[in-house]
Amino acid sequence: PTPLCPLPQFPHHLHRPRQHNPTRKKTTMLSSTLRRQIRRAVHLQARRSITTTKLFINGEFVESESKKWIDVYNPATQEVVTRVPEATQGEMEAAVQAAQNAFTPWSETSVTVRQRVMLNLQRLIRENEEELAKSIALENGKTFADAKGDVFRGLEVVESAANLAPAMMGETMQGLSASVDTFSIRQPLGVCAGICPFNFPAMIPLWMFPIAVTTGNTYVMKPSEKTPGATMLLCELAKEAGLPDGVLNIIHGGVDCVNFICDAPEIKAISFVGGNAAGEHIHDRGTKNGKRVQSNMGAKNHGTVMPDAPKESVLNALTGAAFGAAGQRCMALSTNIFVGESQEWIPELKAKAEALTVGEGMTNGVDVGPLISVASKERCESIIQSAVDEGAEVLLDGRGVKVDGYPHGNFVGPTIIDNVTPEMTCYKEEIFGPVMCIMRSDSMEEAIEITNSNPYGNGCAIFTQSGAASRKFVSEVDVGQVGV
C-alpha cells in the first residue's frame, strides 16, 4: 500500500560523501527493529504536520478532541490532504444545542433580513468560486471545469433563497362555514440537519442549508468525510455574509454521527443525498424518531435514442452525461437504449468516448478525473469484468488506464459495454463510474418497458425530433424526472 504521505527529504547539504572505512559499519549499522522504529517516528511526525479539519460550532471553528480521525486523500495521488475528526458525543451535542439556542431569535428575524444574508452569500460565493473549485478538485478529483459547475449549480439555489418570501406565503379562505374563515401560515420547524455525499461537495450543501435557514430554521450539517473542504469554506463565507452564530453548525464523522442526527430529539428534519444502504437506514431510523426525512438515493438512469434524433447532438450529450464527473453522479446517463437504425451510431459514440482525456483534475485538457477511492475503482473494475463474464461485449475498456505522473491515482477510463441485458450485474447495480451500458431494442415501446421494469428511477430521457413520440414517452414512462 502507498504510504499515507511521503517521507520528508533531507536537504542535500546535510549528506556527506561516503568514504571507505572498514570499521564504519560496526558503528553505524542499525538493527531492522530500530530502523522500523525510526521510520515510524518520522512517519508519525509527518502525519502531525497534516492539517486537521475543524468543527464549526456556534460561529467558531473548533479543534476536535476526538481520538478517532479519518484521513482525506487526494484521489489522484493517494496523499493525505487533511484529517477529519469523528466528532465526540459532547461535540455533537454542543452543535445541536447551539442550533437550538439560535432558533428563536433567528426565526423571529424578518424574512427580508434573512434574504439579505443570502444575497451577501451569493456575492461571496462568486468572489471565491475558484478557491471552492480548487478544494473540490483536490479532494474529489473532479476536473476544474466540473468543480466550477458544482459551485455554480449550488449558487443558483442561494440566488433563489435570496428571493424566497413569495414561497413562504400562507393561504386564506373566507366563509368556510357560517361566520368561519380559515387561514394557514408557514412556520419554521426548528433545528434541521443535512447529511451530504462526496460527489458534489458544494452543490448539495447549498441545496440544503440556504433554503432551511432563510425560512427561519437553524442547521446542523455533516459533510462527507471524504470531501469536507468545500463545506468548511461555505460556512466561513456564510458567517462573513452575516449569518448569526449558531444558525449553521458543522460536525464530522461516520456512522455514529449519522445515528446521532437520526436520534437527537432537537432535530426535527433531515435531508440526505447518497447511496441506498445509508439512505434507507436514515429514513427508517429518522422517521421512527418522528422526524421528517427526505432521502435521495441510488439511480439507474435510462436514455432512449430514436433514429430520427439529430445524431451529432445526441452523441455529444450522451458522452457528457455518461462520463462527466467520472460518472460519479446520481443523474449520470449510464444506460442507453438504442432503437432501430440508431444502433448504427454506436461506433461513433465509442470514438467520442475514446477521445476523452483521463487525468488529474487540475491539469489542463483533462475530461475525466479519478474515482473517489481505491475501493470505488476496484468495484467499478469488478463490475466491468462481471459484464464480460456474463456475456456482454466491452467495446471500450477503461481498466488499467495509465496517467503520466500519477501512478497511484484511482483512474478508470471511459468504458462502453454493449449488448447488455436486464439480468446482468452491470445493469442491475449503480456503477458510479465512467461506464455506459448499451441496450438495443426494435421499438420505443420496448425501450419504455425496459425503463419501467428497472427498480431505480431518478431520471430518464428520450432523444427524438418527433412530438408524437416524445408525448407518448412522457405519458407512459414511470420515472420521476423525464427529459426530452
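The values are calculated or read from the model by the stated rules, or taken from the named source; none is laboratory data. What you are looking at is a predicted structure, and each value in this text was computed from that prediction instead of being measured. Here the Cβ positions follow ideal geometry from the backbone for every residue, glycine too, while neighbour counts run over all protein chains shown. Side chains included, ligands, DNA and RNA excluded: accessible areas come from the protein's heavy atoms. Shrake-Rupley method; radii C 1.70, N 1.55, O 1.52, S 1.80 Å.
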Tally of residues being assigned to a loop (DSSP other than H, G, I, E, B) and buried (at least 24 other Cβ atoms within 10 Å of the Cβ) across segment 238-252: 4
Selected residue [touching a residue at least 12 places away in the same chain (Cβ under 8 Å) and not polar (S, T, N, Q)] from A277, A321: A321
Qualifying residue in segment 204-223 (condition: in contact with a Cys (Cβ under 9 Å, 6 or more places away or on another chain), in contact (Cβ under 8 Å) with a residue 40 or more places away in the chain, hydroxyl-bearing (S, T, Y) and not in a loop (DSSP other than H, G, I, E, B)): yes
Residue satisfying all of: in segment 335-368; open to solvent by less than 10 Å² (accessible area, probe 1.4 Å) and small (G, A, S); nearest to S453 (Cα to Cα) among these: S342
Count - residues of segment 370-396 that are in contact with a strand residue (DSSP E or B) (Cβ under 6 Å, 6 or more places away or on another chain), among the charged types (D, E, K, R) and surrounded by 15 or more Cβ atoms within 10 Å (Cβ to Cβ): 0
Which listed residue, of L356, L349, is outside any loop (DSSP other than H, G, I, E, B) and either in contact (Cβ under 8 Å) with a residue 60 or more places away in the chain or touching a helix residue (DSSP H, G or I) at 6+ places or on another chain (Cβ under 9 Å) (or both): L349
Failed item, numbered, when V255 is tested on (1) touching a residue at least 12 places away in the same chain (Cβ under 8 Å); (2) under 23 Å from the mean Cα position of the chain (by Cα); (3) open to solvent by 10 Å² or more (accessible area, probe 1.4 Å): (1)
Helices (runs of 4 or more DSSP H) (entirely within segment 394-484) containing at least 1 residues that are within 17 Å of N336 (Cβ to Cβ) and aliphatic (A, V, I, L, M): 444-453, 467-476
Members of segment 397-415 found to be β-branched (V, I, T) and buried (at least 24 other Cβ atoms within 10 Å of the Cβ), listed by number: V412, T415
Hits in segment 320-337 - residues which are farther than 16 Å from G483 by Cα, outside any loop (DSSP other than H, G, I, E, B) and not small (G, A, S): F323
Pairs where the first residue, in segment 54-67, is free of Cβ contacts under 8 Å to residues at least 24 places away in the same chain and the second is open to solvent by 20 Å² or more (accessible area, probe 1.4 Å) and part of a strand (DSSP E or B), C-beta under 9 Å, 6+ apart: E63/T52
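Does F152 count as part of a helix (DSSP H, G or I), of a type in the set (F, W, Y) and open to solvent by 10 Å² or more (accessible area, probe 1.4 Å)?
Values: part of a helix (DSSP H, G or I): yes; of a type in the set (F, W, Y): yes; open to solvent by 10 Å² or more (accessible area, probe 1.4 Å): yes.
Here the answer is yes, as F152 does meet what is asked.
Looking at segment 163-193 only, could you name the residues that are open to solvent by less than 20 Å² (accessible area, probe 1.4 Å) and in a loop (DSSP other than H, G, I, E, B)?
Pass one, segment 163-193, residues open to solvent by less than 20 Å² (accessible area, probe 1.4 Å): 190-193.
Selection gives G190 alone.
Is it the case, given these coordinates, that G409 is among the small types (G, A, S) and touching a Pro at 6+ places or on another chain (Cβ under 9 Å)? Steps first, answer last, please.
Numbers: among the small types (G, A, S): yes; touching a Pro at 6+ places or on another chain (Cβ under 9 Å): yes.
Yes.
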